[in-house]
Amino acid sequence: MTPPIILGAGLTGLGCARHLPGAVIYEASNHVGGHAYSHEQGGVWFDEGAHICHAKDEAWLKLLYEQAGAVRRIEQSRVASYWHGHWLTYPVQNHLRDLPPELRIRALDDLVTAQVAHQGKTPSNYEEWCRYQYGNYLTDHFYREYTDKYWRVPMAEMGTDWLAGRLLPSQLSRIVHGAIAPLDEKQSVFSLFHYPERGGFFSFFKGLYSGLDVRLGRCAVRLDTRAREVSFEDGSTVSYRTLVSTIPLNTLVRITVDVPGELREAAAGLRCTQLLCVNLRIGKPNLSAYDWFYIYDADIDVSRVKVTSNVAPNSVPPGETALQTELFVRDDEAFDIERQKRKAAVDLGRIMGFDPDRDVRALHHVHIAHAYPIPTRDREARAQRIIDWYEARSIFPAGLFGRWKYVWSDQAYAGGKALAARIAAT
Ligand SMILES: Cc1cc2nc3c(=O)[nH]c(=O)nc-3n(C[C@H](O)[C@H](O)[C@H](O)COP(=O)(O)OP(=O)(O)OC[C@H]3O[C@@H](n4cnc5c(N)ncnc54)[C@H](O)[C@@H]3O)c2cc1C
């Protein structure tokens, strides 16, 4: 009997394969892990973009702790925003007292006015959501500025379905409190998190692949749904009865020979960002008090910085600071990698206090072509049309880009596991 076939060895493929006996995973790259992989560069482990574990499920955490061995449990994350020369506690609306008084009053006034004016209204896009929640000042000077760098599309083109689990709706009493006195952020989405002492985020998952049948370096390049065959770049072809696809949905459509034209059109409108991680080792200790921070200024390309030496101090040589910086462009834009690496070092040096020529001991990068699915307003309808067509042919798109919808690592694994149960029941 032909075994179940899974395309992609990320966490969705992992969760599926561990619960689908006999499954074979075909993975394009030369390692497992997908976006959850960690790269050793210059002696330090850097993830594919800032990853932490903030899952709450005890059984899941127990499994991850067993895999990683030593794990740091950080009770209260230290997170900041860098905004035009100011270091502000994150998120800004809860800590308005960090702003100069005239801006604090302006922001608070706008926020209260907006909440009264829009009470009970349902926003139809992300821009309205922000304006209703935070008012015009914070929307224009923080959220829009950051969206331009991070999502690279106008806020009004984005839906609101991605916000749960990322941004908290504002609570006026907390905002007023934070405008006057320090506010603790124990309630924030990422306040408690876990991270392996060594080996990066991937240490949580590495051991879970043992015993699975994973074929690396097998990039799927052709799918014939009538013949039920997948072909790979190396010229090999396999037959399937059931196929799980965690590869990007637009790639799946592109390689399918018998897909209708209307689905090609639907796939063409799925948008995502690309990510350039610029990873630095700096020969100066304690350059930042934060675990990670966001940079709003338009003239600095870097959007987010994880201070690896704070999150995993034992994995960085003593006396050094390690930084993972993240830069985003849309899928139809391009990075100028060498120029942007240099600029990241120069910009970070300026705002953090190191010399980009003298102090930088290692400067590496990782380019990720599919980083985040952009939650455009038509994303869900486009993706669902494509998914329905494949599912009617015993092909199950799953995972982050498989369904073109953001999921956290625990959700990716759980989605793969749930899919295995669904397939086993058919
Ligand atoms: C920048 C960033 C930061 C994140 N931060 C966090 C965080 O802090 N905490 C958290 O819990 N989660 C985080 N996540 C989410 C988490 O990384 C993902 O949910 C999870 O890794 C997705 O797993 P997946 O298997 O669905 O997809 P992927 O990891 O994308 O796996 C798909 C696999 O398919 C392979 N593939 C692609 N094309 C082909 C082909 N043609 N043939 C064969 N194989 C192919 C790819 O190489 C890849 O290995 C983050 C994600 C990103 C992008």
Notebook entry, point to check: Could you put 84, 19 in order, starting from the residue whose Cβ has the fewest other Cβ atoms within 10 Å?
Noted result: 84, 19
Note to self: Can you compute the charge dipole magnitude of the range 92-180 about its Cα centre, using +1 on each Lys and Arg Cβ and -1 on each Asp and Glu Cβ, nothing else charged? Give it in debye, rounded to the nearest 20.
What the structure shows: 220 debye
Check: Dividing the alpha-carbon Rg of the range 1-109 by 2.2 N^0.38 Å yields what?
Finding: 1.62
Next item on the list: Provide the gained length on full extension for the span residue 268 to residue 181, in nm with one decimal, where the gain is 0.36 nm per separating residue minus the Cα-Cα distance.
Entry: 26.4 nm
Check: So what's the chain giving for Rg/Rh, alpha carbon basis, Kirkwood Rh from the mean inverse pair distance?
Finding: 0.98
Note to self: Relative contact order of the range 130-269, please, whole-number percent, based on alpha carbon pairs below 8 angstrom and at least 6 residues apart.
What the structure shows: 11 percent
Check: If you take the C-alpha gyration tensor of the range 277-349, multiply each eigenvalue by 5 and take the square root, what semi-axes do you get, largest first, in whole Å?
Finding: 23, 12, 11
Checklist line | Structure-based [θ]222 nm, the chain - -39500 (n - 2.57) summed over DSSP H runs of at least 4, per residue, nearest 500 | finding: -9000 deg cm²/dmol
Checklist line | Theoretical FRET efficiency, 1/(1+(r/R0)^6), r = Cβ-Cβ of residue 212 and residue 102, R0 60 Å, to 0.05 | finding: 0.50
Item checked: Cα convex hull of the range 189-285 - mean projected area over all directions, nm² -> 11.3 nm²
Item checked: Two-decimal Rg/Rh across the range 92-180, once Rg and the Kirkwood Rh are taken from alpha-carbon atoms -> 0.95
Notebook entry, point to check: If you place +1 on the Cβ of every Lys and Arg, -1 on the Cβ of every Asp and Glu, and leave all else neutral, what size is the dipole of the chain about its Cα centre, to the nearest 20 Debye?
Noted result: 720 debye
Next item on the list: Would you please calculate the Kirkwood hydrodynamic radius of the range 234-371 over all C-alpha pairs and express it in Å, rounded to one decimal?
Entry: 17.6 Å
Checklist line | Proxy reagent accessibility, fewest Cβ within 10 Å first, across 228, 271 | finding: 228, 271
Next item on the list: Give, as a single signed number, the net charge of other residues whose beta carbon lies under 14 Å from the beta carbon of residue 72, with Lys and Arg counted +1 and Asp and Glu -1.
Entry: +1
Next item on the list: Could you point to the residue in 309, 38, 296 farthest towards the positive end of the chain's charge dipole, with +1 and -1 charges on the Cβ of Lys/Arg and Asp/Glu respectively?
Entry: 38
Item checked: Modelled FRET efficiency - R0 35 Å, residue 219 with residue 258, Cβ distances, 0.05 increments -> 0.95
Next item on the list: Can you pull the one-decimal nm distance between simple spin-label points at residue 421 and residue 60, each 7 Å off the Cα toward Cβ?
Entry: 1.4 nm
Margin query: Skipping prolines and chain starts, which residues have an amide H placed within reach, meaning under 5 Å, of the one on residue 304, given they are 5 or more residues away or on another chain?
Written below: 295, 326
Note to self: Can you give me the long-range amide H partners of residue 55? Hydrogens built in the peptide plane at 1.01 Å from N, cutoff under 5 Å, separation of 5 or more residues or another chain.
What the structure shows: none
Check: If amide H atoms are built 1.01 Å from N in the plane of the peptide, which residues on other chains or at least 5 residues away come under 5 Å of the amide H of residue 225?
Finding: 257, 258
Check: Which of 101, 283, 406 sits closest to the plus end of the dipole of the chain, meaning its Cα is farthest towards the positive end, when Lys and Arg get +1 and Asp and Glu get -1 on the C-beta?
Finding: 406
Note to self: As a footprinting exposure proxy, order 226, 72 by other Cβ within 10 Å, with the fewest listed first.
What the structure shows: 226, 72
Check: What FRET efficiency do you get for residue 30 and residue 191 if R0 is 25 Å and r is their Cβ-Cβ distance, rounded to the nearest 0.05?
Finding: 0.10
Notebook entry, point to check: How large is ³J(HN,Hα) for each residue in the range 404-414, as worked out from phi by the Karplus curve 6.51 cos²θ - 1.76 cosθ + 1.60 (θ = phi - 60°), to whole Hz, x for Gly and Pro?
Noted result: 6, 9, 4, 9, 6, 4, 5, 6, 4, 4, 5
Checklist line | Relative contact order %, the chain, counting alpha carbon pairs below 8 Å whose residues are six or more apart | finding: 25 percent
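None of the figures in this text is laboratory data; all of them are computed from the coordinates on show. Every value quoted in this text rests on a predicted model; they were computed, and no experiment measured them. Quick reminder, even Gly has a Cβ in these numbers, built from the backbone with ideal geometry, and neighbours come from all protein chains shown.
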